[in-house]
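Worksheet: one structure, shown below.
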Amino acid sequence: MKKVGLFTTFFETTSGYSLIAVASTQIRALIDHGYDPAVLVQKNFTVPESGLWCPEQVDLRPVVPFMHLESGVAPDFEERVALVEAGLAEGLADIEVCITHDIVLQNWYKEHNVAMRSYAKTRPDLLWLHWLHSCPSGSTTNEYPENCRHTPPPGYLIYPNNSDVSKVCQAYGLGGQEWRAKVSRFGHSIDPLTLWPYDKLTKDLVSKADLLSGEVVAVYPARLDRGKQPEKIIRLLAGVQRSGHEARLLIIDWQSTGERFQNYIDELLVLAKNLGLEGKVNFASRLDDRCSQGVPRHIVTELMDLSNVYIHPSRVETYSLVVHEAMLRGCLCVLNHDFPPMRELFSDSAIYMDFGSDRFNRSYTPDEQAFWNDEALRLLAELSQNRTAMAKVKARREWSPTALWKDFEPLLYLQPVGE
């Protein structure tokens, strides 16, 4: 594997500075995929007490000199450049790929820009990947050192959208070398499990049940008596899977350790397997011993954040706090039309299906699964018209570091190129 380094000017990582978030995403992904990245930071870097930016987690190299940045050209500009270049020589000696963020873009980083170009001449083997986080403007001067912000740097320019690539090429004089401007949105990918302070149990359940890979994802907290009818959720999601969409169901079984409950779980898992959902229907108590008697309430609401539908086929209720909570978490709710209080309480805030109840027994003829396959299409149609729900699915499945890694890693193996 390539030895990857990040050249930053960070002196802390606790603020909301967006470049810190982007760099953190790259570092975490590199580590997760077996790389051992090094990160160049300022010599006055404040090491956090815990987290990704601790020396125990990542190879921190405080070699970048601290200096008061100026919009103009400092009287001792060349001396300052020499200090930065010395730091690069120390910090990048064993590095094969160097990632920078806005070093070639921001006016404040002229010393760093010039030092990088000077050091690059001594390392023709070093691949440079320069991430740009703003749209560059054209050159207004040909005078050194300001002109370094508008001439091709060694390596490649990485930009997050294709619409403005022509502006990037124009701003950096890449006429005839447009291939040196690459498009990747990986740096702006977001892992939903790290964005919010989710409980570790939540993260573990999400990973074990592979919820982030689902297009239609449901969680169902219930004590597993047969009146809760989880088998109908399984049949409905089997119809979703049959239509070509990835379905996931995590049943959070409460206090269901008794033999009759365990036999029921076995029965439901066999049904899921027979309907093509093996591994896509899970029970919390079977995934994690911490869930043997249920899970804390906040775990359920966190799991709902990472799902997009809530299906409630229970035959009888008085109210249902869980439905209320699911709506607060932005889930599309599928409720029981055959239980009148559901329609009274939640009216047109949900869609309704014929799950049967203690008031109305349902006979699905001639074939029950055919009925739920049709209802699955109705559910999918409802979701497809809900832009918020579909955006949530896309952000979770397609714009995550895991999904976009395939766009990022090949950049690390580009051929080095000089100015």
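For (1) within 20 Å of Leu6 (Cβ to Cβ); (2) of a type in the set (Val, Ile, Thr); (3) more than 14 Å from the chain's Cα centre (by Cα); (4) not in a helix (DSSP H, G or I), each residue gets a yes or a no:
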site: Leu380; (1), (2), (3), (4): no, no, yes, no
site: Leu383; (1), (2), (3), (4): no, no, yes, no
site: Ala389; (1), (2), (3), (4): no, no, yes, no
site: Lys394; (1), (2), (3), (4): no, no, no, no
site: Ala403; (1), (2), (3), (4): no, no, no, no
site: Pro410; (1), (2), (3), (4): yes, no, yes, no
site: Gln415; (1), (2), (3), (4): no, no, yes, yes
site: Gly418; (1), (2), (3), (4): no, no, yes, yes
Would you confirm, using the coordinates I've provided, whether Arg387 is surrounded by 14 or more Cβ atoms within 10 Å (Cβ to Cβ), at pLDDT below 95, under 22 Å from Val216 (Cα atoms) and of a type in the set (D, E, K, R)?
no
What are the pairs, 6+ residues apart or on separate chains, where a residue within region 366-389 that is without any contact (Cβ under 8 Å) to a residue 60 or more places away in the chain has its Cβ under 7 Å from a residue that is surrounded by 11 or more Cβ atoms within 10 Å (Cβ to Cβ) and among the hydrophobic types (A, V, I, L, M, F, W, C)?
Glu382/Leu332; Glu382/Ile351; Ser384/Met390; Asn386/Leu332
For the subset of region 218-265 comprising residues that are buried (at least 16 other Cβ atoms within 10 Å of the Cβ) and small (Gly, Ala, Ser), which member is modelled with the lowest pLDDT?
Ser256
Determine, yes or no, whether Ile103 is under 27 Å from the mean Cα position of the chain (by Cα) and farther than 20 Å from Glu78 by Cα.
no
How many residues are in contact with an Asp or Glu (Cβ under 9 Å, 6 or more places away or on another chain) and outside any loop (DSSP other than H, G, I, E, B) when one looks only at region 95-110?
4
Considering only residues that are under 25 Å from Leu306 (Cα atoms) and hydrophobic (A, V, I, L, M, F, W, C), which ones fall in region 320-344?
Leu321, Val322, Val323, Ala326, Met327, Leu328, Cys331, Leu332, Cys333, Val334, Leu335, Met342
Six or more apart or on different chains, Cβ atoms under 8 Å: show the pairs whose first residue is in region 91-106 and basic (Lys, Arg) and whose second is crowded, with 19+ Cβ neighbours inside 10 Å.
none
Go through (1) at pLDDT below 95; (2) under 21 Å from Lys43 (Cα atoms) for Val81 and report which single condition fails.
(1)
Might you let me know whether region 355-363 holds any residue that is of a type in the set (Phe, Trp, Tyr), assigned by TED's automatic domain parsing to the domain that holds Val216, buried (at least 16 other Cβ atoms within 10 Å of the Cβ) and at negative phi?
yes
Kindly indicate whether any position in region 24-32 is in a strand (DSSP E or B) and crowded, with 20+ Cβ neighbours inside 10 Å.
no
Could you count how many residues in region 33-85 are under 30 Å from Phe408 (Cα atoms), small (Gly, Ala, Ser) and part of a loop (DSSP other than H, G, I, E, B)?
3
Give the residue that is surrounded by the fewest Cβ atoms within 10 Å (Cβ to Cβ), with candidates limited to residues of region 329-338 that are in contact (Cβ under 8 Å) with a residue 24 or more places away in the chain and of a type in the set (A, V, I, L, M).
Leu332
Scan Val300, Val270 and give me the residue that is assigned to a helix (DSSP H, G or I) and under 18 Å from Asp204 (Cβ atoms).
Val300
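The values are calculated or read from the model by the stated rules, or taken from the named source; none is laboratory data. As the structure is a prediction and not an experimental result, all values here were calculated from the model. Note: ideal-geometry Cβ built from the backbone for every residue, glycine included; neighbour counts use all protein chains shown.
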